[in-house]
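Colleague: The structure that follows is given in the form of C-alpha cells.
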Amino acid sequence: MGRTALVLVILLVCLSYLRPGIDFIQSYRETTAAKQDLRELQAENRALHNQVQAADDEVVLEREARRQGMVIPGERPYVIHGVGG
C-alpha cells in the first residue's frame, strides 16, 4: 500500500509540472516567431527610410515631377500624341 501511494504522489508531482512545461515550450515558439516578424519589419522600415531619404534628392524629385508632366520654368512643354502603349 505504501509503495502504491508513493508512486501516485510521484505521478501527481510529475503531472503538475507538465502544464508549465508545455506553456514554456509554446512561449518559446511564439517568441521565436515574434523575433522573426520583428526582423522583417525592421528590414521594411530600413527600406522605407531609404526611400524617404532618396525623395529628398534633387534628381529623384525632378524625375518624379517630370513623370507627372511638370516642366522647369522657362521650358517649352511639348505634347506628342499617338506614341506609346
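Please treat every number below as a calculation from the coordinates, not as lab data. Keep in mind that this is a model prediction, so the values were computed, not measured. All Cβ positions, even for glycine, are placed from backbone atoms using ideal geometry, and neighbour counts span all protein chains on display.
Colleague: Based on Cβ point charges of +1 for Lys and Arg and -1 for Asp and Glu, what charge dipole magnitude is obtained for the chain about its Cα centre, in debye rounded to the nearest 20?
Modeller: The calculation lands at about 540 debye.
Colleague: Hey, another quick one. Considering only THR32, LEU48, VAL71, whose Cα is most displaced toward the positive end of the charge dipole of the chain, charges sitting on Cβ of Lys, Arg (+1) and Asp, Glu (-1)?
Modeller: Among THR32, LEU48, VAL71, the one farthest towards the positive end of the dipole of the chain is THR32.
Colleague: So what's the angle, to the nearest 10 degrees on a 0 to 90 scale, between helix 2-55 and the longest Cα principal axis of the chain?
Modeller: Tilt of helix 2-55: around 10 degrees.
Colleague: With only alpha-carbon atoms in the gyration tensor, what are the semi-axes of the equivalent ellipsoid for the chain, in Å, largest first?
Modeller: That gives 72, 14, 6 Å for the three semi-axes.
Colleague: Run the helix sum for the chain: -39,500 (n - 2.57) per DSSP H stretch of 4+ residues, divided by residue count, reported at 222 nm to the nearest 500 deg cm²/dmol.
Modeller: For the chain, the value works out to -27500 deg cm²/dmol.
Colleague: Please compute, for the alpha-carbon atoms of the range 1-46, the extent along each of the three principal axes and give them in descending order in Å.
Modeller: Principal extents (Cα only, largest first): 68, 8, 6 Å.
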